[in-house]
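K.L.:
The structure under discussion is supplied below as structure tokens; questions concerning it will follow.
The values are calculated or read from the model by the stated rules, or taken from the named source; none is laboratory data. Being a predicted model, the structure only gives us computed values, none of them experimental. Here Cβ is always computed from backbone atoms with ideal geometry, including for glycine, and neighbour counts include all displayed protein chains.
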Amino acid sequence: MRKLFFIACFGILFPYVIQGQQPNKPNAAEIHQAIKKLNFLGSVLYVAAHPDDENTRLISYMSNQVKARTAYLSLTRGDGGQNLIGPEIRELLGVIRTQELLAARRTDGGEQLFTRANDFGYSKHPDETLSIWDKKEVLGDVVWAIRNFKPDIIINRFNHRTPGSTHGHHTSSAMLSVEAFDITGDKTVYPDQLNYTETWQPKRLFFNTSWWFYGSREKFAKADKTNLLAFDTGIYYPSLGLSNTEIASLSRSQHKSQGFGSTGSRGQQSEYVELIKGDLPKDKTNIFEGIDTSWNRVKGGKAIGDILYQVEKDFDFKNPPAILPQLVKAYQLIQQLENKHWKAVKTKEIQEIIAAVSGLYLEAVATEANATKGSEVILKVEAINRSANTMTLQSIKIAAVNINDVSEKVLKNNIRNNFEFKGSIPSNFDFTNPYWLTNKGTLGMYNVNDQKLIGKPETDHKIKALFTVVLDGVSIPFSKDVVYKTNDPVKGEVYKPFEIIPAISASIKDKVIIYANGASKQIPVTIKAGKANLNGKVTLTHPEGWQVTPAAINFNLSQKGEEKTIVFTLTSPQTQSEGYISPKIEINGNLYSKEVITIDYDHIPYQTVVLPSETKVVRLDIKKKGENIGYIEGAGDVVPESLQQIGYKVTTIDPESISTESLQPFDAIVVGIRAYNTVEQLKFKQQYLLEYVKNGGNLIIQYNTSHRLKVTDNLGPYPLKLSRDRVTDENAKITFLAPEHQVLNSPNKITANDFEGWVQERGLYFPNEWSKEYTPILAANDKGESKKRGPLLIAKYGKGHYVYTGLSFFREFPAGVSGAYRLFANMLSLGK
């Protein structure tokens, strides 16, 4: 654990603080690395489409070896991916993957940027991607990122010259980067941005190529490399005892929701970049060749460099505080720089180095994890100077809650100073929430109205403590987020963000409720108090034709954090119908209708998301046969809960327990998505599953990828080969290849209407080869492609039925798509 923390601190730009987590406490080696980065005035922007697209080897190399300020611009937040660690999908998965990217950057030393593009799912061509994204807006966001970050070098992960050969998002990211390179310096392009920033022209644009893009290592070896630069990213850092590639692997392993854990590697490893625009460096070992990255780059910088280069040279690892006087002088000179960009960047860096060198520890902690608008908060502040240098705490200001303490306090060596303040949250304060989720967006774009927010990785923490400390007669401000911390019996000291939440929230656990049997259901609504002493009433809005009783329910919550569950009865119409219900809370004439969602995983900071509270209700015309369903969990989905909604009894099967006897009680067995990629035991248990089919059972296997299959030779009872075939257009026409087959006729008659209203895609990773024993049921294709006949295959085996489907039921069920439920019920009913 210590080694991982050491890595994170080594690569990090100190100002890039972890919100709501334990503060950095760098050692002498880490401080020295930060000083080296302080003395490098050059920037690299890496550009790709999704979280996990980035080349962490190259990002770490540029940040830690070259010492350049390095950022990754991910055009999306990865909302359209799958989640291997929990049930969150779409916007909540986007929140997780955003934080995983930030965790990766804390590890490899980079920074993180985004655009407003929404990952709407797999796209086969940039034409489709850019039409859904709104090319003009996303291109503007790329220009905005370049103008703000001001990179000298841009590196694209993907090739802009090969549209249609890979994910449309991938190629689009490169195409937009190439286009942006030519226009960021033009003040007539996106002129409104210049109210907040300046034009900027990068020097060089590269494509991060490799043998893979050439088709083979042999072809790459023979290729003309005139325009290529090569870097040994396997370089070893003796002060860490780690190679750059090991750091990169730890960074990549932060993408846990996508299953990208990496074991790391050692030894020489080459990375290549191909020049796309700009001049080719004469010295191909130096990507910054011809670009001044010294302090001489900025007017007034020479005097700063004279001080800081000597500081770097004479750094005493046994006595880091010895350089404080020089750092303070350099800080003063940085404040006089005319170049606003480098002044801001280097001020933050040197502030954190000064704090690290002096052992200055400053912290502001709230006594409660959250508060509401207008409520009182108690904040405990700690300040300690762990050096022999004289310091004075001149003031503590927490402007957001109207705290301003100007009583000076001498900070003596290693003497803890504690303060307690009371403040009040303003009544017009915003809730803690990812800023890109505040307003409803479109399929392809998040709706962000504030230009200054666009591109930020997360919402700025608004409750900050500003400590002004005087060193050698110079006042230096240090800003710290107000946090909450507690002691966990197992984990010890645990930090969380201090958050502003609604006075009361309401939630309905199930986001889709299916009416398949009976016309009435009880709807439990959980309300939770964000503060004490709340009285009011709750009502439930509902679609036309539905009925709710009682009309309103009164409640009383006396304590903060108290929860109550109240129950309405909702009656559906007799015919098929769907719509949304939403709880509304009225307190003293004020209405509340938000839900507070929390995301808590160990590898990312605790997250709070405030969204409208609503649930889709569907009156479904559905019939089913069979009752007991066994479910083998895969990479994570809500299929079991969805099947329970339509009246099945679902039992989760422990793979270890699978045997001939244990499978007998089930009318059907369903295998979760990517189970054959993620569940090791299945390669030992597949024989029992196929035996179950042979003896009369019904086995339904949902999609898997051909990569890293645990079971390869007998995925089905007959030969079956998976591919990367997919249909990404959720409205693509469905052709019935076997219209008389039972699965399309009993117990529900499946028609074209059942494929209306699907979301994100029809399906993915279909088989493309199979033996004659399988019957292909459906076919579909994206525009301009041949028909894919593998979305649903069924084979009779012995007395039972084997079903393989790549249809995206795991997406359709949470969206309440009626036809998906009806078709799945037919699959479960085969042979009954």
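K.L.:
Tell me which of these TYR515 doesn't satisfy, since it passes every other one: (1) free of Cβ contacts under 8 Å to residues at least 12 places away in the same chain; (2) of a type outside the set (D, E, K, R); (3) under 26 Å from ALA820 (Cα atoms).
P.N.:
(1)
K.L.:
I need a count of the residues in segment 415-438 that are farther than 26 Å from VAL596 by Cα, in contact (Cβ under 8 Å) with a residue 40 or more places away in the chain and surrounded by fewer than 18 Cβ atoms within 10 Å (Cβ to Cβ).
P.N.:
Matching residues across segment 415-438 total 1.
K.L.:
Let me ask something else about it. Could you please tell me which pairs satisfy a Cβ distance under 7 Å, a separation of 6+ or placement on different chains, a first residue in segment 146-160 that is closer than 13 Å to PHE181 by Cα, and a second residue that is of a type in the set (Phe, Trp, Tyr) and assigned to a helix (DSSP H, G or I)?
P.N.:
ILE154/PHE181
K.L.:
Can you tell me which residue among VAL617, VAL610 is at pLDDT 95 or above, in contact with a Gly (Cβ under 8 Å, 6 or more places away or on another chain) and surrounded by 21 or more Cβ atoms within 10 Å (Cβ to Cβ)?
P.N.:
Exactly one residue qualifies, and that residue is VAL617.
Let's see how each residue does on (1) over 25 Å from VAL142 (Cβ atoms); (2) within 33 Å of the chain's Cα centre (by Cα):
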{"site": "THR199", "(1), (2)": "no, yes"}
{"site": "ILE235", "(1), (2)": "yes, yes"}
{"site": "PHE288", "(1), (2)": "no, yes"}
{"site": "GLN310", "(1), (2)": "yes, no"}
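K.L.:
What do you reckon, is VAL693 within 28 Å of the chain's Cα centre (by Cα) and not in a strand (DSSP E or B)?
P.N.:
Judged against the criteria, VAL693 is not a match.
K.L.:
If you take the residues of segment 56-89 that are more than 10 Å from the chain's Cα centre (by Cα) and closer than 19 Å to ASN447 by Cβ, which of them is modelled with the lowest pLDDT?
P.N.:
Ranking the candidates gives GLY80 first.
K.L.:
Out of the residues in segment 741-783 meeting the condition of being touching a residue at least 24 places away in the same chain (Cβ under 8 Å) and of a type in the set (Gly, Ala, Ser), tell me which one is surrounded by the most Cβ atoms within 10 Å (Cβ to Cβ).
P.N.:
Going through the qualifying residues, I end up with GLY763.
K.L.:
Mind listing just one residue for me: the one in segment 279-303 that is under 15 Å from HIS341 (Cβ atoms) and not β-branched (Val, Ile, Thr) and, of those, surrounded by the most Cβ atoms within 10 Å (Cβ to Cβ)?
P.N.:
The qualifying residue surrounded by the most Cβ atoms within 10 Å (Cβ to Cβ) is TRP295.
K.L.:
Determine which member of the set LYS25, LYS36 is at pLDDT 95 or above and basic (Lys, Arg).
P.N.:
When all the criteria are applied, what remains is LYS36.
K.L.:
Go through (1) in a loop (DSSP other than H, G, I, E, B); (2) modelled with pLDDT of 95 or more; (3) under 37 Å from the mean Cα position of the chain (by Cα) one by one and return the number of the condition ASN748 breaks.
P.N.:
(3)
K.L.:
Can we say TYR236 is aromatic (Phe, Trp, Tyr) and under 30 Å from ASP52 (Cα atoms)?
P.N.:
Criteria met by TYR236.
K.L.:
Further question on the same structure: Do you know which residues across segment 545-600 are assigned to a strand (DSSP E or B), over 24 Å from ASN533 (Cβ atoms) and acidic (Asp, Glu)?
P.N.:
Within segment 545-600, GLU578 is the sole residue that qualifies.
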